[in-house]
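First the structure, in the form of structure tokens, and then the observations on it.
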Amino acid sequence: MPLDLSRRRIAARTAFGGAARGKASQDAIAGLKVSHILVPFPQAISDAKVLTGRQKPLDSVDILLVEAVSEAGQTGLGYGYTLRNGGAAQFALAAEIAPALIGEDPNDIDRLWEKLRWQVNSLGRGGLGPQVIAAFDTALWDMKAKRAGLPLAKLFGAHRDTVRIYNSDGQYLQASVDEMKAAADTSLASGIGGIKMKVGQPDGMIDLRRIDAMRSHLPDDIPLMIDANQQWDRAYALQFGRIVDDMGLGFIEEPLDALDFEGHAMLADNLATPIATGEMLTSTAEAFDLIRKGGCDICQTDAPRIGGVTPFLKVMAMAEACRVDLAPHWMMELQIHLAAAYPEETWVEHFHMLEPLFNERLDIENGRVAVPDRPGLGLSITGQGRDWTRNTVSVGNTHGI
Ligand SMILES: [Mg+2]
């Protein structure tokens, strides 16, 4: 039977995204400078992925830096990163999609995230695309906070002006127990409030002895955490977790493959020790799925990996709704602003590797790090960081930034 089309049978669809410019538009993005910077480490580090032969020791980090300037002269700085491989690919993709932002109102960050993600739609919803978008997204948030004259945490609505901070300095698998103790003493003397050690030795007894030695060495009020970097299977992780379950560890990080949400949920159900994971996830869909399945007591979303500040804020809302704690992964200079804006007490992870890149230093004492009082991220790039630049491209009118 033919369709009756004598009258309207279905709604008319409007274009996605609405009008890009209107009375409310405040400014326009004039230019963008994209740079690939390779930051070397003073010493290569190894975690369980090296012992299982899956990766080589880590000796540098590739930074994707985005510097934005608006027609009104506002500036913004954002960055993403990759480890071991992919830095050149991130830079190439960023150079391709940067022109899509020229002329846009830099305040419309959520819409611009969507615009960029459709530029990279064919690459998938996770992986390379969001990690490149992250650098642009963070630059726009930095610009917005600078325009407001506020530290980024204050723009979000901060819950605290200091955040607990822990580190893993000297706690990698190549270190002896004596070296780990000495490194922990140095960390605590510098104001660090918790220690995380790597586990995943081929002989689990070695891990247990090292944990026992470190727990005995640290003051009772200093939390000790362990990180298996995805190298255990479900049965082993449960067995190991039960042995250490009465030690009061702060958390067990990434015991299983990063995408084994059900396995992490099984461990969370069966162990008193909190399960922490989420650093490898590169889409909000993955992070929502992890939280929805009960796969973490502590969500470790990494803002540059998941696509920047905008998707991170969405994961924070999901984590809050599900009563999950938060301990953002790496990139402390950025994540401190996000951690300060979460209702429950959080951790940030201290890494010194990016310090040569930035002129500014974080204030750390009594186990906590202070949210910087400078507008935006409160960061600027050192001359050394400029010298480490491998490649740069500018689009639009960058006004000499
Ligand atoms: Mg980790």
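The values are calculated or read from the model by the stated rules, or taken from the named source; none is laboratory data. Bear in mind that the values here come from a model prediction, so they are computed numbers and not experimental data. Note that each Cβ is placed from the backbone with ideal geometry, even for glycine, and that neighbours are counted across all protein chains shown. The protein model used for the area step is the full one, side chains on, heavy atoms only, and it has no ligands, DNA or RNA in it. Shrake-Rupley method; radii C 1.70, N 1.55, O 1.52, S 1.80 Å.
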I'm told MET1 meets every condition in (1) open to solvent by 30 Å² or more (accessible area, probe 1.4 Å); (2) of a type in the set (A, V, I, L, M); (3) in contact with a Phe, Trp or Tyr (Cβ under 9 Å, 6 or more places away or on another chain) except one. Can you identify the failing condition by its number? (3)
Quick check on my filter: what residues within segment 246-261 are under 18 Å from LEU218 (Cβ atoms), assigned to a loop (DSSP other than H, G, I, E, B) and either acidic (Asp, Glu) or open to solvent by 40 Å² or more (accessible area, probe 1.4 Å) (or both)? ASP246, MET247, GLY248
Listed residues LEU101, LEU93; which is within 22 Å of the chain's Cα centre (by Cα), outside the structural domain of MET332 (by TED's automatic domain parsing) and of a type in the set (A, V, I, L, M, F, W, C)? LEU93
Of the conditions (1) free of Cβ contacts under 8 Å to residues at least 60 places away in the same chain; (2) crowded, with 16+ Cβ neighbours inside 10 Å; (3) of a type in the set (S, T, N, Q), GLN43 satisfies every one except a single condition; which number is it? (2)
Based on this model, can you work out whether VAL348 counts as open to solvent by less than 20 Å² (accessible area, probe 1.4 Å) and more than 16 Å from the ligand (Cβ to nearest atom)? no
If we only count helices (runs of 4 or more DSSP H) wholly inside segment 104-193, which ones have 1 or more residues that are over 30 Å from ARG210 (Cα atoms) and either in contact (Cβ under 8 Å) with a residue 60 or more places away in the chain or open to solvent by 40 Å² or more (accessible area, probe 1.4 Å) (or both)? 109-119, 128-148, 152-156
Considering each residue of segment 194-211, count those that are surrounded by fewer than 15 Cβ atoms within 10 Å (Cβ to Cβ) and in contact with a helix residue (DSSP H, G or I) (Cβ under 9 Å, 6 or more places away or on another chain), and give that number. 2
Which condition breaks for HIS217 when tested against (1) closer than 22 Å to SER190 by Cα; (2) over 27 Å from the mean Cα position of the chain (by Cα); (3) open to solvent by less than 50 Å² (accessible area, probe 1.4 Å)? (3)
On the basis of being assigned to a loop (DSSP other than H, G, I, E, B), more than 18 Å from LEU173 (Cβ to Cβ) and free of Cβ contacts under 8 Å to residues at least 60 places away in the same chain, does ALA235 make the cut? no
Members of segment 270-329 that are away from the ligand (no atom under 15 Å from the Cβ), under 14 Å from the mean Cα position of the chain (by Cα) and within 29 Å of MET247 (Cβ to Cβ): ALA287
If a residue must be away from the ligand (no atom under 16 Å from the Cβ) and within 21 Å of GLY80 (Cα to Cα), how many such residues does segment 43-70 contain? 12
Which ones in segment 168-210 are within 16 Å of the ligand (Cβ to nearest atom) and in contact with a strand residue (DSSP E or B) (Cβ under 7 Å, 6 or more places away or on another chain)? SER168, GLN171, TYR172, LEU173, GLY194, ILE195, LYS196, MET197, LYS198, VAL199
